[in-house]
Every structure is written in structure tokens, then in C-alpha cells.
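Bear in mind that the values in this text are calculations on the coordinates, not laboratory data. Predicted model only: the values in this text are computed from it and were never measured. So basically every Cβ, Gly included, is an ideal-geometry build from the backbone, and we count neighbours across all protein chains shown.
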Amino acid sequence: MTTRSFGSGIRRREDPRLITGKAPYTDDIKLPGMVHAAILRSPHAHANIKSIDTSAAASQPGVVAVYTGADTDGVLAGMPCAWLIPGSDLKTPEHPAIAKDRVRYVGDAVAVVVAGTRYEAEDALEHIEVEYETLGVVINPKAAAQPGAAQLHDDVENNIAFTWAVAGGDADAAFAAADVTVSDTITLPRLIANPMEPRSAVASYMAAMGELTLWSTSQNPHIARFLTSVVTGVPEHKIRVIAPEVGGGFGSKIPYYPDEAITAFCAMKLGVPVKWTETRSENYLATTQGRDHVEEVEMAATSDGTITGLRTTVYAGMGAYLSTAAPGVPTILHGLMYSGAYNIPNISGTIYGVFNNGTPVDAYRGAGRPEATTLIERLVDLTAAALDMDPAEFRRKNLIPKFENGHDVATGIIYDSGDYELTLNTCLANADYEGLRAAQAAARAEGRLVGIGMATWVEICGLGPSQVAGAVGFQGGLWESAIVRFHPTGKVNVMVGSSPHGQGEETTFAQIVSEELGVPVEDVEIIHGDTDNTPMGWGTYGSRTTVVSGGAIAFASRKIKEKSKELAAHLLEAAVEDIEYDDGRFFVRGSDDQAKTIQDIALMANVAWSMPEGMEPGLEASAFYDPPNFTYPFGTHLAVVEVNAETGHIDLQNYWAVDDCGVQINPMIVEGQVHGGVVQGVGPALWEGVVYDDNGQPLTGTMQDYALPRADLLPDINVASTTTPSPHHPLGLKGVGEAGTIAATPTVYNAVMDALRPLGVNRVDMPLTPEKVWRAINDAKNGG
Amino acid sequence: MFPSQFTYHRAASVAEAVELLNGNEGAKLLAGGHSLLPMMKLRLASPPTLVDIGQVAELKGVSADGDGVRIGALTTHAEIAGSALVQERAPVLAEAASRVGDPAVRNRGTIGGNVAHGDPQSDLPTVLTALGATINAAGQNGERGIAAADFFTGLLENALDDGEIVTSVSVPGVASGAGTAYVKFSHPASRYSVVGAAAIVSVANGVCSSASVVVGGVESTPTRAASVEAALAGSGVGADALAAAASAVSGDFQGDAMGDVYASSEYRQAMAGVYVRRALEAAVARGG
Amino acid sequence: MSVPVEITINGRVFSGEVEPRQLLVHFIRENAGLTGTKVGCDTSQCGTCTVQLDGAIAKSCTVLAVQASGSTVNTIEGLSDGVDLHPLQEAFWNKHGLQCGFCTPGMIMASEELLRNNPSPSREEIRHALEGNICRCTGYQNIVSAVEEAAGAMGGS
């Protein structure tokens, strides 16, 4: 029997409970005596609160309590921002969990009702009387940064929360010397993450013990505990945070939200368990959103097709307050990636983080990198066009050549390993690029608008070295830890501090242990999501979990192997130097018929009848893995679209992805991540985007208006991969969670622009809805 | 997600439903619930009383009615789409019903609820107007039929009197040999029609002998494309002729074209020309 | 204010007095304690609440419990005993047709109806049949493959 499953697409261990409907999510939790909270949200994007009268609401049937911001004075601290970018003149205006005298976006919490049922709580909300005095509103991030714009926070001039610069080489000189320069303004729309599970929290407080338990739809329960302690004042060791089954997050369940603090506050005040679950419409107001960039960008090149410089000015909307990780997204995770997959020696970027009267913006799948990749890949296409070069050939000429152990780019970071041209060549071959171009030429001759778009991308993930995290202002570490514990019967529990929620790590982590120690994969159970029975960890986001937790699991497993060798030597009465290991068996070199299996060792270590001198009983190891560098997955994607000139409809006809995420533990899961990531990246290119009116009222406030990718609107995606191990990771892993999302937006955008190129159209704001495309076509035809 | 309180009555007959509707101020009818409940969940509607007619047997079913069909108000979109009788006598209605919402919505949403709600971006009002259907209603003063063309009177408004309920829809059979089509520009999120076009075209000796063309989604009620019909009368049915006729639809809008964040009124009107042409092409291709 | 309701869910009769405004999905989750059926939106778009009501799929967030009184409801928990899986459950597992699992019960219930009506659907037909069920994780591709595989296992081709 072989126990090896590492590298094979075995079925997921977590699926049986999910396909049978038996997995408990937060909203499925029911505690004795539990009551329900509903939150009154501001209907105005910006207003002073003149008065709040809750008396009528308090006397409604079933109502247990009504609280306003004033009730939280001295009890709840403000909502913390946990990424304080150094050298950026960062402003962190107060963000109360419940607004006190001013609301700054539609959805800002104003009061909370607790009642016997959610229906009763909702009824009572309608009886809260709030008198507002409306104030000026600003939505567009660039407009918000101009003098004279409505001011959100009195002490934040021009709404500029921070200004951050990235520079390498001498960009101005490069532009002055360039043969060709191109420029563009790119708008990355505000996006709603839309995990299918809305956020939810259940809080229970035992006053006699001073203990708070919080069930939460969190991607990072240990951070949630840390910040719950900061906000509620309950000591960290008296708080237990449980993230049960979590139905997707995509970044929107990273932040610590007012709603969780409010739910905990209510439970502490009332002494009974309290549940709060957002409705989808509430999610569209109160859950952090993504992107919201206005990017003014330009590229310089020489006439032989060499990129020489990149300059950007980016206005990144932050929404009304700085959410937990918000400042890091358009800076560290964005500007540092301006070299992309290319040698760009001269780079200069200025990023303004700008308050605007919208829902707070924070990490959303890709977080900063789709915004960077889109601007780079768009400029690459424009530059190739200006030079009359084929975009694939232009990319090939400028790609960083293959490297195996470190490559410095102008922004100051060091890519780990890459073979970018291999993914480009593989993708072009898989798609029959020459054939596609020939077919496109034929279609164009018939007047049809067929476009081919591509993106050659690289991202920063596997976050990351904690020392670097500290240096860039992240108010935490970025290591992970794992405990690998063998039971007497040889079965294994692994406790991790990260908190997967759909990514399949209960399977891939088990595959790691199986590979390292030769136990059957089904003998390994992964425990995560509960701060009471898992070691500290910083959470699941940024394509980091398999990489960083996986590293910790590998090192803990290796500690077990070392101890097992010593114990085997003792039991076999041999010297440890003579013990060999193969696939879960320890034996004296040359006599492997006398082997001790890892299960034998687990039993003997647990009963401890005969241990070597000085060896502790038990077979358990803990390891902390702090990565020495980030990881840099990469790839090339290519799409074919046809645009209907009459209606502006875009038909996404075919899509190829070639990704390199380093070593793959489970290729089936990798492929699933790429499928889902690509579709989430196609979303903003074609359909998705929050729209506010001039008063800051969202016009895309429900799933009837905000268009999500649906099964019938998409083709199958052709997925392939290459394998370039990360040189610094114990297993060679790089991470894959965000790859598709980062690549797909520019790929599809470039394809549509390629289709429209014969008409002279070079730019249409995303999402590329039929009307916008139709207008661009008509404007071009009319000489616009 | 959490509707307000209301009083609930389940009616056993049309007569009882009419009585309950008239006896309770502000009462609303509940059939499949797929128009009303979403509004109640968002608390955009909070009727004090609901009269559930979901179990009224006399409102169910599709039957032959002369050369046409009579469709009970409680008949679901899925039942209409799957009805052999509808497919044979008014195929364009079956086609439109098969494009409403999604499969689960089609299983629950009813023709009566759909027409009574009168959403201009819904599919059936457009097709029923093109077919010259009659909406049959019952009230305190008895029963009456209202031509579809007169039934839809404004945005979410109809010609029903207070306390009157839709009991069935009578759809005349499409003339033998006529071709029909319903084509739809579907909203990617709501699945409603941004623009929907229904065409019923008869051709004799290569010339259009009659045409009924109606556009939905552009104005607050279905728009009869009288200019298109006039252009088609006696016209050939080649591609150029159909395109020319379709382009006349711009003259049929009365200036109250709707627009929203997804599609402006200008765009909807422009798309009406495209979708009318597609409907004409498909109808002509299917005729004969 | 309350009205009597009696609904047979997965073969078991659940009866009680409920407010008329109570949605079927809340009856299934709260009164019957069957939490496999989820609430994902409030506008009948997402399909996570999809159940079979008298044999036809319905979005149980857009049906009042009292409307369903006297009816038969099947939910994901009724599809198998959890050990001997339904071919669709098996295929979703085999083909990695789920990630976070939140849309999965609704997806499977919608797919079950599709395969009853059309035992051998094309990939295109599967995509259309699932247009009312949103998945944010998988990009749908492996869901389509899972339904295809289940069709084969159930005797379609």
C-alpha cells in the first residue's frame, strides 16, 4: 500500500458534510435563550444626527433592548485600523461601532434593536425616530481628493487619508528619453465580494467568569479575538472566537466589523446569547467592498520595443472609514508590484488613499494586485500597439528571463523564482495563438469585432515575513503555526491557526502530513477555526494559507520524524545514525523487515513504556513558520471575445489559463481555484460594479441590480499549469487562491479593447456593459 | 427578508377571494407570491391583509377555448411553457414563459400574478398584448374581460377595479401559417427584459399580410409598434425589408421611455429596433 | 395572529402555529431544524434556499410557510441518509463541484430536478438549468461536470 497522495487530485475530506447539508455555519447556531439583533442603518450618505428617539421602538412586542452610539460610550473602543503605512501621513479618524453624531455612508450603523425574534427586531427598527441634517456627498475618489470637495472627517484635509509613493530608477528621465509613451486612465469599479454566505455573529457572555464566546463568519478567528479584546476590553484569554463552517469570504470576512462588536456588546449588556445575521441587502451596504481605483498611468518605451518606464497617480477610494487592512491594499499589495512580469527599470507611483461617502473598502480577492496588473497589462497592450508590435511578442521581449532563486525589481522587492516566458509560450500554444489571429483577421474582414486579449501576470502572496510586515506597518505578524499530534492508534490531529473556508486545506494539509510521515491521508484530521483549540495564527487570505500554514505543518511533521527516528533506534536497539526512513517505516539500514511503523512509534511514544533517556512521552510537535520571503506565483491568460456592434453585447467565447503556483499538492483543488478566480476576475470586466448616485445612494443595492457571473453566461475555461518551485519554501509552494482573479480582469478587458481597436476605441470604463460599449462604438463611428 | 405583519386569509373560491378582497382595506392577493413577496421582504410593500388564492382550483389549468386557449390565473410559467396546447396555438407565449426568470421562479410564478403586477420589464405583458389576449377578471359586479392592450395602464398599474381579481387569460390562436417569436435582452442580474420584442407575422406570396409587433421594457406599458406594423403591411419579408420596418419602431415611443443605471432610455429605444428586427426575422423564418 | 401549518418535510410531518409572514425557508430552518437549506439573498436571485415543493424546485425564501401548508417539501437532508450518497452528491464530491459549500444544497436540489426532466443534458443545458443558482467559488465549471457525471451514473448519457 502506498500512502502517497501528495500531488494527486484526491477528493476533498471536507465535502461529505457539505454535500449532505450537515455542516453548521454561523447562522445555523442556536443557543438556549438566544435573542436576535437587527441594526438600523443610515439612509443618508452623509448627515449629522440631530436626535435619536428609541422610546417607541423599545415598547414594541418582543423587544429586549435598543441601543445607540451613546450607550457604547466608555464601553466600546473605536474600530481599529491595523495597517498603518509608515511615511504616508496616515490619518485614522475615529470610527465608532455605532455612529454617534454623524453618519458617513449609507449603511453606517445608527442603532441596534435586540428582540425575541429577528422579525420582531426588524419591526421595531421602523419605530426608531432619527432626525438627520444632510451634508454634502462625494463618491468619486479623485473628485474627493480635490479642494472644495465635501469633507468626511474634519481633521482630514481634502479627504486624503494617506499619500504613499513608490519609486525605483529615474522615471522622469526615462519618459524624457522615450521614443514612445502611452497613457490611459483606468477605472477599477467598486466591487462587492459576495460570498454566498452573508456575515453573521453569535455572541455569548458569561459574566460570572468574564468569558465571551463569539461565533463569527471570520477568515481569521485569532485576529478577530485580538481585535474583539481591543474593542470590548474583555481580556484576550477570556475570549473564544469560533469560525465554524464559513461560506466563502474573498477578503470581505477579514476585517473586524462594527457588527461583531455590537453583537458582543449586546450579549455583554443583556447576559443572554445574541445572534446577528446580515441580509444580502445589508451585506451590500455594510460589508467591505473592493477596488474603487481611478488610475492615471503612463508607460515609456524605446522604438525597439523595450519598456523603459512606468508612472502612475492612483486615487484609491477608502470609503467612509479605514477598515482593518485597507491602507495596505493599494500600497504594499499594489504599488510594489508595478514591475509586473517585466524588466521595468524606472518606476514612479503616487497613491492617494481617499475617504469617500461609500461603504469602507478593504481587501477583496487579489487585493491591490488586480488593480496593478490591470494597469500594467493595459499599458503593455497600448505600448505594443503604438509600436505596431504583436502584444505577445512585445511581452516576450520585455519579460524577466527565467530565474530560480531571486530577482530584484525596481520597486525594491525580490521575486522568488519565475519562468514567465514558459507560461506565455504554453498559453499561446494551447490557444493556437497564430490560428486565433488568422481567424480574427478573417472575422475582421467580414466586419465582425473579434478580440484577443492576454495578460502575463505575477503576484505577491504567501504573506509573509513578519519582520517585513512590521516594517510596512502591519499591526501583526504573518507567520503561522501548527501542532501535529499522533494518538496512540496512529491517527493524527493537526491544529492550525489559519482558517480555511472553502479552499480545501483540510485535504491539502492532510496530504502534507501524509507525505511527510507516511500515514494514510484519511488518518489525518485538520482542526481549525476555534481559538480555544488551535494555536495562534494570522488567518486565511492573500493566497497564504497553504503556503504558510503548510510550511508550519511540514516543519512540525519533520520534528515528529526526528523524534520517531530516535525512538525507533531505541526500540530496535540501534544507533540513530543507522535508522532509515521510508514511507512511514523506520528500520535499521539493511534490515527493513524489522521496521517500526509510524503507528508503532505513535503507540510506544504515547504509552511511554520504554523511552530513551531524557525523551519526553507523546508524539506531538509544534512549529512556527515565518516565511523568509513572499512567494510570487505567475502565469499567462488569454481570452477571445466577440462584440456585437449593434448592441454592445460581449460574448466571452474562449479562455485559456496557464498558471504556475509552484509545487501542487492537489491539482484538482488548484484547478478549482483557477476556475473560480477567473470567473471572479471576469466579473468586473463585464458585469460587476457598484454604482452610487450623486447623493451617495447605491443604485446596485440588491442582487437584482448588481450583476454576478451566472452559469449560463460563461464558457468552460481551459486550465493548464507549469511548475516552478519556490526556492525558499520547504515544499516549494507559492499559492493559487487569487491567481485567476488577478489575471482575468485585464485579460478580458484587453480582449474587448482588441476587438474594438479597428474602430479606434481604446478605452471604455469597466464594467463593460452593453450600453457603454455601444456608446463607445457609436462615438467612434461618429468621429468622436 | 422579514416581511411586516399581516392578516392571512386563504380563499377557497373566486367568490370568497373577491369577498375577502373587498372586505379588507388594502388587502392584496397572493398567488405564487413571486411579485409581491420580494417587495414585502424588502418592506417596500406592507399590505395589512393577504388573500391567498393559491388553492382555488377554478383558477388552475389550461384549456382549449375556441381556436385559442384559456389559461387559469394560477397557471405557472413552467406549466405554460410546457403546455402542448399553448405550444400549438400560441407558441410565442410558451416561448416567452420559458424565458421568465429562472427555473425555480418559473415553477412558482403565475400568469395571473404576473399580469396583475404589470412590471413593464416582465415578458408576458408584451406577448399577451401582441397576441391580442383578453384578461378575464371577477369582482363584486361580476365578470368581465379586458383587452391586454387596455389592461396595462402605467408603471405597475392596471385596469382592474379595486377588489377585482384576474381569473384567467384568454389567448386567441395564432393564425395558421403565421410565424411568431419573442426575443429578449435579458438583464444579467434580474433576468427581467431590458428590451423584449414579440412578433406575429403572416406572409402570403412573399408579402406580409398581417403583423402584430409589441415591445416591452422601454415604456411603462407594452408598446405596440404600429409604425413597424404599418411598414410591414404589404411589404416583402427579405432581410432589408424587415430591417427597414424594424427601424420604424423609434416612432412608436411616446416620450416616456424608461432608463436606469444599467440601460438608459436612449439605449433601450435603440435596442428596440434591433430586437424587433430579430423578432421579425425569427417569426418570418418560422412561418409558413 | 398565528396560523396552523402542517408541512411534510423529507417524509416527516412538521406542524405548528406560525405567523403568516414566516417564510418557508425559516420554517424549514427554525421549526424543522433542517439548516442545510440556506438564506443567501433577499430577492430570489441566489438559489441557496432552493428546495423541492411538491416535486418542483422553489426558492423557499419566496414562499410563505402558510402557503406551503399541506404540501410536501424535499430538502438536501432528504436526498440521502448521508452515508449512501445520492449520485449527485457523489458527483459533486468526485468533480470538486463545491468549495465553501454554501450554494451546494440548492445547486444539488436544482440539478436533481433537471435530471428528472432531462436525463442527458448537454453542458449548455446544465448551465441554463442552473441560471437561478449563484456560486461564487467554483466558476460553475466543476458543477457542470458534476451534473454531467451524475447524469451518466443515473442512466443518462
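Before moving on, here are some points about what is shown:
- A full extension of the chain between A:Asn430 and A:Thr489 corresponds to an added length of 16.4 nm, given 0.36 nm per residue minus the alpha carbon distance.
- For the residue pairs A:Lys30/B:Lys41; A:Lys100/A:Lys269; A:Lys22/A:Lys596, the alpha carbons lie more than 30 Å apart in A:Lys22/A:Lys596.
- Label-to-label distance, nm, for residues given as A:Met209 and A:Asp582 (7 Å Cα→Cβ offset): 5.1
- FRET efficiency, 1/(1 + (r/R0)^6) with R0 51 Å, evaluated for A:Asp532 and A:Gln594 via beta carbons: 0.75
- Segments A:50-62, A:288-300 sorted - mean Cβ within 10 Å per residue, highest first: A:288-300, A:50-62
- Extending 7 Å from Cα along the Cβ direction at A:Asp53 and again at B:Glu157 yields two label points whose distance is 3.4 nm.
- The A:Ser8 and A:Leu31 beta-carbon pair, evaluated with R₀ = 35 Å, returns a calculated FRET efficiency of approximately 0.25.
- A straight line joining the Cα centroids of the range B:8-80 and the range A:632-671 runs 47 Å.
- Each other residue within a Cβ distance under 13 Å of B:Arg99 adds +1 if Lys or Arg and -1 if Asp or Glu, for a net charge of -2.
- Convex hull volume of the range A:179-242 per residue (C-alpha atoms, cubic angstrom): 154
- Mean-position separation - Cα centroids, the range A:86-113 and the range A:535-584, in angstrom: 46
- 10 Å Cβ neighbours from other chains, averaged over peptide A:551-561: 0
- Across chain A, Cα pairs under 8 Å and at least six residues apart give a relative contact order of 16 percent.
- Bridging of A:Lys402 to lysines at a Cα separation below 25 Å is possible for A:Lys734, once same-chain residues fewer than 8 apart are set aside.
- Sum of side-chain charges, A:Glu298 neighbourhood, beta-carbon under 9 Å (Lys, Arg +1; Asp, Glu -1): -1
- Among residues other than C:Thr75 with Cβ under 15 Å from its Cβ, the summed charge is -2 (Lys and Arg +1, Asp and Glu -1).
- Summary of packing: across the peptides A:704-713, A:550-559, the per-residue average of other C-beta atoms within 10 Å ranks them, highest first, as A:550-559, A:704-713.
- The mean number of Cβ atoms from other chains found within 10 Å of a Cβ in peptide B:30-37 is 4, as a whole number.
- Among B:Arg277, B:Arg99, B:Arg144, the largest mean-square fluctuation in a Gaussian network model of chain B (Cα springs under 10 Å) belongs to B:Arg144.
- Rounded FRET efficiency, nearest 0.05, which uses the C-beta distance separating A:Ala70 from B:Arg144 and R0 of 51 Å: 0.30
- Using the Karplus relation 6.51 cos²θ - 1.76 cosθ + 1.60 with θ = phi - 60°, the per-residue 3J(HN,Hα) values for the range A:80-96 come to x, 9, 10, 9, 9, 5, x, x, 10, 6, 5, 10, 10, x, 4, 10, x Hz, with x marking Gly and Pro.
- In terms of its C-alpha gyration tensor, the protein assembly as shown has a prolate overall shape, because the principal axis ratio a/c (a ≥ b ≥ c, square roots of the eigenvalues) is not below 1.5 and a/b outweighs b/c.
- In order along the range C:136-142, the Karplus-derived 3J(HN,Hα) couplings, from 6.51 cos²θ - 1.76 cosθ + 1.60 at θ = phi - 60°, round to 9, 9, 8, x, 6, 4, 6 Hz, and Gly and Pro are given as x.
- The packing ranking of peptides B:46-57, B:232-243, highest mean first, is B:46-57, B:232-243, where packing means the average number of other beta carbon atoms within 10 angstrom of each residue.
- The helix-based estimate of mean residue ellipticity at 222 nm for chain A, built from -39,500 (n - 2.57) per DSSP H run of four or more residues and divided by its residue count, is -8000 deg cm²/dmol to the nearest 500.
- Table column - 3J(HN,Hα) (Hz), the range A:126-139, Karplus curve with 6.51, -1.76, 1.60, x for Gly and Pro: 5, 9, 7, 9, 10, 9, 10, 10, 6, 10, x, 10, 9, 10
- In nm, spacing of pseudo-spin labels at A:Gln697 and A:Thr313 (7 Å Cα→C-beta vector): 3.4
- The spacing between the range A:225-252 and the range A:262-301, judged by their C-alpha centroids, is 15 Å.
- Counting only lysines at least 8 places from A:Lys781 when in the same chain, those with an alpha carbon closer than 20 Å to its own are A:Lys772.
- Residues with amide H under 5 Å from that of A:Gly107, placed H, sequence gap 5 or more: A:Ser42, A:His44
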